[in-house]
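First the structure, in the form of C-alpha cells, and then the observations on it.
Please treat every number below as a calculation from the coordinates, not as lab data. All of these numbers come straight from a predicted model, not from anything done at the bench. Neighbour counts are summed over all protein chains in view; Cβ atoms, including those assigned to glycine, are modelled from backbone coordinates with ideal geometry.
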Amino acid sequence: MTAPEPASAASTPGPALTGRAAATRQRLMQAGAELLGEVGIERISTNQVASRAGVTPPVFYRHFKDKYDLLAALGGALMESQNDILYDWLERSAPAGFEELMQNHYQFLLSTIQATAAVPGAVWIMRALRAVPSLTAIRLASHEMVTDRICRAMGPLLPDMNPAELRLRTRIAVDAGYAAVEMALDDPTMSPESVCRALTDMWMGGLRHGV
C-alpha cells in the first residue's frame, strides 16, 4: 500500500462551499463515516464512498485527494465537536473554582462519550487518528490546543502549582481522556459512568498532589 502524504491539519475544502457543493461534501463525509464503521480503515475505498454517497468517483476527487484526505476531514470534524464540549465545560465551570470545575469534569467526559457514540464510525475515526501516521498531526495539534485552553483556565485556580507541571499533568489527562472515550465506546463491558468517574478522580488527585 502506498503511504499517504503527510497531513498537518484536517482536510479543508479551500474556499467556503455553499449550496450543492457543500451538500455533496457533507454527503461524502457521512458515507465515509458509515463505511468506516462497516469495513474499517484498510478496506474502505474511494469508490465505495462515492457509490454510497450516490456520486461518481470524479465527484469524490473534487472534494478529497484520497481516502486519507477524507479521514482527515472526518477526524478534524469529530475532534472539533468534542472540543466544543470541553470549551463549554471550561467556560461554565472555571469561574466557580477548582472544586466545581473538577466535579463537572465527570459530566463533561460523559457528555463527550455520548456525543461521540452518536457519530457514525466514531471509534474507527479515532483509531485512524491514532494509527495512521499521516493523520497523527491532527490529533496532536488538537490535544495541544485543548491543553493550552485548560491550562489558561486552571492556572489562576492553582496559583501555587508550577506552570510546567500543570501543563504536563494536563497534557497527560487530555490523552487519557481521548483513550477513555475510545475505550468506553469500544468495550461494551466498560461502564461509561465508571470510566468517567475513575479518570476524574485520577486527574483531580494528580493535580492536588502536584500543588
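State the extension gain, in nm to one decimal, for the chain segment bounded by Thr189 and Asp84, taking 0.36 nm per residue of separation less the distance between their alpha-carbons. Numbers along the way, then the final one.
Numbers: separation 105, 0.36 × 105 = 37.80 nm, distance 2.77 nm.
In short, 35.0 nm is gained.
Rounded to the nearest Å, what's the spacing between the alpha carbon centres of segment 157-188 and segment 21-70? Just the number, please.
33 Å
Of Trp89, Met204, Ile41, whose Cα points farthest to the positive end of the dipole of the chain (charges on the beta-carbon: +1 Lys, Arg; -1 Asp, Glu; origin at the Cα centre)?
Ile41
Using the crude model of +1 on Lys and Arg Cβ and -1 on Asp and Glu Cβ, and no other charge, please compute the dipole size for segment 117-211 relative to its Cα centre, in debye to 20.
Numbers: 10 positive and 10 negative charges, 45 e Å.
Using only the charged Cβ atoms, the result is roughly 220 debye.
Run the numbers on the chain and let me know its relative contact order in percent, using alpha-carbon pairs under 8 Å that are six or more apart.
Values: 217 pairs, mean separation 52.3, N = 211.
Relative contact order, the chain: 25 percent.
Can you order the peptides 143-152, 189-198 by their average number of other Cβ atoms within 10 Å per residue, highest first? Don't skip to the answer; put the middle values down first.
Working: 143-152: 16.3, 189-198: 14.3.
Answer by packing, highest mean first, reads 143-152, 189-198.
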